[in-house]
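The values are calculated or read from the model by the stated rules, or taken from the named source; none is laboratory data. This one's a predicted model, so the numbers in the text were calculated from it and none came from an experiment. Neighbour counts are summed over all protein chains in view; Cβ atoms, including those assigned to glycine, are modelled from backbone coordinates with ideal geometry. Heads up: the accessible areas ignore ligands, DNA and RNA and are worked out on the full protein's heavy atoms, side chains in. Shrake-Rupley method; radii C 1.70, N 1.55, O 1.52, S 1.80 Å.
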Amino acid sequence: MTVEQQSGPVPGGAVPDNAEPRRLHPLTPVARGWKAMAVVIAIFGQHAARTQETRLGVIVAGCVFLVALLWGLLTWAFTVYRIEDDDLRIDSGVLFRRTRHVHLGRLQAVDVVRPFIARLLGLAELKLQVAGGDSAEGSLAYLRESDAAVLRAELLARAAGVRPDAGEAPERPLVVVPMPVLIGSVLLSFASWLFLLPTLGLIVGGVATGNMALLLGFIPLFILAWQFTVGRVLRYFDFTVSESPDGLRLAHGLIEHRHQTVPPGRVQAVRLVQPWLWRAKGWVRVEVNVAGYGGGSEDGSENHESTLLPVAPREVALGVLGRILPGVDVDAVPLTAVPARARWHSPVRRRKMACGADEKVFVARRGVFRRETDVIPHAKVQSVRRTQGPLERLLGLATVHLDSTPGPVRVTAPLRDAEEASRLVDEQAERSRIGRRGEGPHRWSSLSGGSPERIDR
Amino acid sequence: MDHALAPPEQPWHPVSEQLFRVRRFLLVAVLVPLAVAGGVLAWIFVAPWLGALIAAGLLVATGWGVVALRRNQRSWRYAERADDLLIAHGVQFRRLVVVPYGRMQFVDVTAGPVERRFGIATITLHTASAATDAVIRGLPPEEAARLRDRLAERGEARSAGL
């Protein structure tokens, strides 16, 4: 287990004076620049090996190294951060000064990421996801691991509206994905075999014919095969979902370790995905939209920041769902199918299309082979759309979209009866209006069932 | 219209006919010279009948495009309700967007050089969702300004956290 279990106040006792500017860890240039350095060394190494002329290579590589180190140190020296009231302020830039204010009231999630090299050096990157951000909004790379944990606790406490020295909130593990299940989920995947089989075939063929040079042309295929199989196992290694008053915590990764904290009420929409081959096992994957994690890619390949559970039995997944959307029972929401005449539009897919709503969430289901269930709380709907193409118009059908923040989950109710779709849009607008009224406050410590013991301190 | 929605307290507003004129201008400015050039070149270098065919084809396409643009402009409409703004448009591909005032993050008013010349502007409503496709084209500038201020005011009053 790599989950940090820290509690108790910040070392040092009293509330630290946070307006004081702080610096990143001095080893930051090394952790950031090693990739570029490796490339330079590789290029010159190759050059030297080919031309037998080593002196020039060494001199140039040395100069590049010195300049890079100097630049890295300058960047480090010019980067400071401090906490001012409700903002985390980051000043950076050597030539062009840049000041970034991350408003903690709009904090959507906090990630502590530790790439391989940073882990060796005992460093971690703190990433703050803020609503409306496209890229990592506020990123502090790199801090000492313990400092990152302390700072995360402090930022979350400030965002929650409790005392900043309340310390790390205690966390309670909900789900740990066992290794055999994770490996099984990768083996029971079409995508894995799609890339794995040709790869194995090529390697066997290459070894048999002794024509290894041929294999070089297929390196992109090998990379894909690696990413879909071993890469996934490494990424989701020891995937742990825990619960704390600060929200849901996800920790995973063997080489690059990632620890995500999503505060309560920050999940915009949820999707349960069941690939065809997982059906016999009853496994599902859970993906979420969190404002700030962004869209990832459109083509259905998963954005690992948005993965709440890479694989779990359906009941377990529903249990976790009940934690992020309290009082919601997805299976109890009454769903209605699409009209039979939708067969002229989508003869097969229409059989599995259904949608419905209860007083808290809207649920849409679809997928003949790969089954998907999309869930969006009424209060989180950004806008409602009704679209109708020529064929749909001919058949008297229409599609309703419930727009969420960018992310893997897109909620649509396709091919509804046109009249029903209009009614649905209207009802949804009304439900969302009521839902927004009942929304919890921004500072989640004032939510009922928060963590009174932390406020008292 | 086939939108069986709860009636907005204010009627649906149409957009300016200038939207049609701008688009017609752009369409004609591109397609007619193309028809002439293509027709003449084909007439000279290939065969007269091909030149006539190309020119006629492009001119028919232009005519059809003008009719389609007219119908499209007429399909644009919007309505302000107590808590949300409705925007509907499209003839072949119909769409209706409901944007709650409380979900608006910001409102853009834009007008390109051609649009400005024809005296219209475009309003875009942005929510936290990238899928929200809430655009009103072809608004007279004073109406665009009025709507922008009104939306800003209503958004302020009903603003909700994410």
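Which of (1) open to solvent by less than 20 Å² (accessible area, probe 1.4 Å); (2) not in a loop (DSSP other than H, G, I, E, B) does residue A:169 not meet, given it meets every other one? The single condition residue A:169 does not satisfy is (2).
The single condition among (1) in contact with a strand residue (DSSP E or B) (Cβ under 6 Å, 6 or more places away or on another chain); (2) without any contact (Cβ under 8 Å) to a residue 40 or more places away in the chain; (3) open to solvent by 70 Å² or more (accessible area, probe 1.4 Å) that residue B:148 does not meet is (2).
State yes or no: is residue A:418 of a type in the set (A, V, I, L, M, F, W, C) and facing another protein chain (nearest Cβ under 7 Å)? Taking the combined requirement at face value, the residue satisfies it.
Working only within region A:201-255, note down all residues that are in contact with an Asp or Glu (Cβ under 8 Å, 6 or more places away or on another chain) and hydroxyl-bearing (Ser, Thr, Tyr). Hits for region A:201-255 are A:242, A:244. Residues of region B:10-55 that are within 30 Å of residue B:86 (Cα to Cα) and of a type in the set (A, V, I, L, M, F, W, C): B:12, B:15, B:19, B:20, B:22, B:25, B:26, B:27.
Residues are listed down the side, and each one gets a yes or a no for (1) outside the structural domain of residue A:290 (by TED's automatic domain parsing); (2) surrounded by fewer than 20 Cβ atoms within 10 Å (Cβ to Cβ); (3) modelled with pLDDT of 95 or more; (4) out of contact with any helix residue (DSSP H, G or I) (no Cβ under 6 Å at 6 or more places or on another chain):
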| position | (1), (2), (3), (4) |
| --- | --- |
| A:307 | no, no, no, yes |
| A:331 | no, yes, no, yes |
| A:364 | no, no, yes, yes |
| A:368 | no, yes, no, no |
| A:376 | no, no, yes, yes |
| A:380 | no, no, no, yes |
| A:405 | no, no, no, yes |
| A:419 | no, yes, no, yes |
| A:423 | no, yes, no, yes |
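Residues that are closer than 28 Å to residue A:260 by Cβ, acidic (Asp, Glu), more than 14 Å from chain B (Cβ to nearest Cβ) and assigned to a loop (DSSP other than H, G, I, E, B) do occur in region A:328-340. Looking only at residues in region B:95-129 that are surrounded by 18 or more Cβ atoms within 10 Å (Cβ to Cβ), part of a strand (DSSP E or B) and of a type outside the set (Val, Ile, Thr), the one that is farthest from the other protein chains (Cβ to nearest Cβ) is B:121. From the list A:279, A:249, the one residue that fits, being open to solvent by 10 Å² or more (accessible area, probe 1.4 Å) and charged (D, E, K, R), is A:279.
Out of all the residues in region B:43-53, is one or more in a helix (DSSP H, G or I) and within 14 Å of another protein chain (Cβ to nearest Cβ)? Looking through region B:43-53, none of the residues is in a helix (DSSP H, G or I) and within 14 Å of another protein chain (Cβ to nearest Cβ). Applying the criterion of being among the charged types (D, E, K, R) and assigned to a helix (DSSP H, G or I) to the residues of region A:343-358, the residue that is surrounded by the most Cβ atoms within 10 Å (Cβ to Cβ) is A:350. Select, from B:68, B:79, the only residue that is under 23 Å from the mean Cα position of the chain (by Cα) and outside any helix (DSSP H, G or I). None of the others qualify; the one that does is B:79.
Can you list residue pairs whose Cβ atoms sit under 8 Å apart, with the first residue in region A:81-107 being of a type in the set (Asp, Glu) and the second being part of a helix (DSSP H, G or I)? Count only pairs 6 or more apart in sequence or on different chains. As it stands, the answer is A:86/A:104; A:86/A:105; A:86/A:158; A:87/A:104, since those pairs meet every condition given. Restricting A:231, A:210, A:206, A:265 to residues that are out of contact with any strand residue (DSSP E or B) (no Cβ under 8 Å at 6 or more places or on another chain), buried (at least 21 other Cβ atoms within 10 Å of the Cβ) and not aliphatic (A, V, I, L, M) narrows the list to A:265. Residues in region A:307-364 that are closer than 21 Å to residue A:398 by Cβ, touching a residue at least 40 places away in the same chain (Cβ under 8 Å) and not hydroxyl-bearing (Ser, Thr, Tyr): A:338, A:339, A:341, A:342, A:344, A:345, A:350, A:353, A:355, A:357, A:362, A:364. Among the residues of region A:388-401, are any in contact with a Gly (Cβ under 6 Å, 6 or more places away or on another chain) and of a type outside the set (Phe, Trp, Tyr)? There is no residue in region A:388-401 that is in contact with a Gly (Cβ under 6 Å, 6 or more places away or on another chain) and of a type outside the set (Phe, Trp, Tyr). Every listed requirement among (1) assigned to a helix (DSSP H, G or I); (2) more than 14 Å from chain B (Cβ to nearest Cβ); (3) within 22 Å of the chain's Cα centre (by Cα) is met by residue A:379 save one, (2). Total residues in region B:47-92 satisfying the condition of being hydrophobic (A, V, I, L, M, F, W, C) and within 29 Å of residue B:155 (Cα to Cα): the figure is 7.
Within region B:105-122, restricting attention to residues that are within 24 Å of residue A:401 (Cβ to Cβ) and touching a Lys or Arg at 6+ places or on another chain (Cβ under 8 Å), the residue that is modelled with the lowest pLDDT is B:107. The number of residues in region A:398-415 that are touching a strand residue (DSSP E or B) at 6+ places or on another chain (Cβ under 6 Å), touching a residue at least 60 places away in the same chain (Cβ under 8 Å) and facing chain B (nearest Cβ under 10 Å) comes to 4.
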